[in-house]
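Everything on this sheet refers to the single structure shown next.
The values are calculated or read from the model by the stated rules, or taken from the named source; none is laboratory data. Computed from a predicted model, the values in this text were never measured in an experiment. Every residue, glycine as well, gets a Cβ built from its backbone with ideal geometry; the counts of neighbours run over all protein chains shown.
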Amino acid sequence: MHKKIFGYALVYAFLSSVLASSYPVLDEESYLYIAQSMSLSRPYDWTLPWPPYTDSYRYAHPPLFLYWVWIATKIFGSSIMWMKFFLGFPFRLILGYSASWVLFHHTSSSKHKWSILAWMSSPIVLMVGARSMMPDLMFSALGMLAMMLYLSATEDQKRVRFLCGVFLGCSCWIKYPALLLWVPILFSYRTWKGMWPILAGFACTWGLGEVWLWSIYGQSHLAVVLSTADHVDRGPVWGRVTGFFMRLLLGMPFLLLLFRKKNIWSLLFVLPIAWIGTPDMSILGMILAVVWISVAVMAVVFCIRRMDFFSVWWITVFVGVCSTHNFSSPRYLILGMIPLVVLIMRECSEGGFFRYLILFSSLTLSALVAIFEHNHAKETWNLVQEIDVQAQYSGEWTFRWAMRQKGMQLWKGESVSVLVPKQAVGGSFPQGFSRTQVYTGTIGRRVLLDQAHSVGYYSEMLGFWPLGYQKGPIEEVYLWNP
């Protein structure tokens, strides 16, 4: 059994590594930027790469992942490919093994293989694995390992439960949303006496880490993050909820198995084709989007027949993403994918031939997302090479990485010429400046950010249109002069 589970973990690690190899530096660049200038003894003594914010202690995540990236920069220097492999491969194995173990032990024997394939082929799961220079992979791998240990531990296995707390604490010291995993644990645990090993392990990692930060900076990092959360733009709750369900069906197409077989054809092919054929941002397109969201909502309702560990786990992730984050990016759903697959496999039929169609669609969508990401990064790099003026820049992701490679300086509010990308806008926008030049890339359907039409990479802040829906320039760079 362990060999089979490890085999699934290797397959997931391999698939994610292949997708990672197609990625240049995208929004992972921010963490690389920070890690290259951080101090081990004072992990928040660096200049925030998101102007106009100046206090780096407000950075929303604990520093464990930054340390991991810092180690990689010291070992591999500027070799991005090897750095991404080093950062990601062990955690892809951990995530793949832990997830496969949970699915293997909590779905029926006839659905073991398909439950693991449903999880593994999800664009959300594969994309998180491919982004090894972002904290989501490490955070979800250690969080899933903690949940696997919790589910596997018997009452007398105190060491296993202690390790559960240790890894849960490590996950929380990468990203605070891992604290949400306490909800299903507390829901299912009946005796407080048996909780102490988990609490002790958690205190040894997350607790000591927070105390150490307090001793350095004189205030609680978590308290600072919570008290300054409203300083970052936040879309309406309704926009985050609709954005969640818009991406859920794209991220877990196996939800379609909950519908009758004769309806799967229309949901899997007719609706997407009709959507592609409608004019951009039209009323008909909006109607189809509402239908798509409604299908996702109905599928989730079909899943949750009773309140147990996995139902509470999934609902907690849903509520946490929609209420605590400033946007419901698909990667934030990663910790909810395992309980969702368990719930789907409880209620769905075998699916027959349709399972293969859905699996093919899921893998195809993952490949398309990787291709679109690569095209956007390549387009950004090419535009930066065309820039022939002396100016500073404001922006993130591949744009900032390419500008740094070009030797340009980050704009910090001075009265100088500023280059700003349309998509990877980072921080403040030059006020009182006039736009004097535009560098335009090729036309495509990969539009990251268009506030006028509610399309965005993090579009839950802007509306519910899916990423890449509108046709337009893949990237543009504007020159602004004072």
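The rows are residues; the columns are (1) within 28 Å of V291 (Cβ to Cβ); (2) aromatic (F, W, Y); (3) modelled with pLDDT under 80.
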| residue | (1), (2), (3) |
| --- | --- |
| W401 | no, yes, no |
| R404 | no, no, no |
| D450 | yes, no, yes |
| E476 | no, no, no |
Please pick out the residue among F202, F259 that is of a type outside the set (K, R), free of Cβ contacts under 8 Å to residues at least 60 places away in the same chain and more than 24 Å from L142 (Cβ to Cβ). F259
Matching residues in region 83-135 - criterion: being of a type in the set (F, W, Y) and in contact with a Leu (Cβ under 6 Å, 6 or more places away or on another chain): F91
Tell me whether region 127-136 contains one or more residues that are crowded, with 22+ Cβ neighbours inside 10 Å, without any contact (Cβ under 8 Å) to a residue 40 or more places away in the chain and not hydroxyl-bearing (S, T, Y). no
In region 1-50, residue modelled with the lowest pLDDT [restricted to those that are surrounded by fewer than 19 Cβ atoms within 10 Å (Cβ to Cβ), among the β-branched types (V, I, T) and closer than 21 Å to L95 by Cα]: V18
Single condition E396 does not satisfy, out of (1) crowded, with 17+ Cβ neighbours inside 10 Å; (2) at pLDDT 85 or above; (3) within 29 Å of the chain's Cα centre (by Cα): (2)
Quick one: what pairs do we get from region 302-316, first residue within 16 Å of C348 (Cβ to Cβ), second polar (S, T, N, Q) and not in a loop (DSSP other than H, G, I, E, B), C-beta under 9 Å, 6+ apart or different chains? C303/S311; I304/S311; R305/S311
Select from region 155-198 the residues that are part of a helix (DSSP H, G or I), of a type in the set (A, V, I, L, M, F, W, C), in contact (Cβ under 8 Å) with a residue 60 or more places away in the chain and crowded, with 19+ Cβ neighbours inside 10 Å and list them in ascending order. C170, C172, A178, L180, L181
Taking region 128-161, which residues are farther than 12 Å from L335 by Cα and among the hydroxyl-bearing types (S, T, Y)? S132, Y150, S152, T154
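Of all residues in region 106-141, count the ones that are assigned to a helix (DSSP H, G or I) and either closer than 11 Å to Y12 by Cα or in contact with a helix residue (DSSP H, G or I) (Cβ under 7 Å, 6 or more places away or on another chain) (or both).
Step one: filter region 106-141 for residues assigned to a helix (DSSP H, G or I), giving 106, 109-120, 123-130, 135-141.
Pick out the ones that are also either closer than 11 Å to Y12 by Cα or in contact with a helix residue (DSSP H, G or I) (Cβ under 7 Å, 6 or more places away or on another chain) (or both) and you get 106, 111-112, 114-120, 123-130, 135-141.
So the answer is 25.
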Report every pair of residues separated by at least 6 positions or lying on different chains whose Cβ atoms are under 7 Å apart, first residue within region 382-411 and in the same structural domain as Q431 (by TED's automatic domain parsing) and part of a helix (DSSP H, G or I), second among the acidic types (D, E) and crowded, with 18+ Cβ neighbours inside 10 Å. L383/E475; W397/D27; W397/E29; T398/E29; R400/E29; W401/E29
Exclusive hit being among the basic types (K, R) and in contact with a strand residue (DSSP E or B) (Cβ under 9 Å, 6 or more places away or on another chain), set R346, R404, R355: R404
Residue count, region 77-121, condition within 20 Å of the chain's Cα centre (by Cα) and basic (K, R), comes to 2
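Let's see how each residue does on (1) assigned to a loop (DSSP other than H, G, I, E, B); (2) modelled with pLDDT of 80 or more; (3) not hydroxyl-bearing (S, T, Y):
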{"position": "L213", "(1), (2), (3)": "no, yes, yes"}
{"position": "I216", "(1), (2), (3)": "no, yes, yes"}
{"position": "D230", "(1), (2), (3)": "no, no, yes"}
{"position": "R234", "(1), (2), (3)": "yes, no, yes"}
{"position": "L249", "(1), (2), (3)": "no, yes, yes"}
{"position": "S266", "(1), (2), (3)": "no, no, no"}
{"position": "M281", "(1), (2), (3)": "yes, no, yes"}
{"position": "M286", "(1), (2), (3)": "no, no, yes"}
{"position": "A289", "(1), (2), (3)": "no, yes, yes"}
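Being assigned to a loop (DSSP other than H, G, I, E, B) and within 26 Å of L258 (Cβ to Cβ), is that true of even one residue in region 312-335?
Restricting attention to region 312-335, the residues satisfying the condition of being assigned to a loop (DSSP other than H, G, I, E, B) are 325-329.
Add one more test, that the residue is within 26 Å of L258 (Cβ to Cβ), and what stays is 328-329.
Looking through region 312-335, at least one residue is assigned to a loop (DSSP other than H, G, I, E, B) and within 26 Å of L258 (Cβ to Cβ).
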State whether the residues of region 352-363 include one that is surrounded by 18 or more Cβ atoms within 10 Å (Cβ to Cβ) and closer than 28 Å to W238 by Cβ. yes
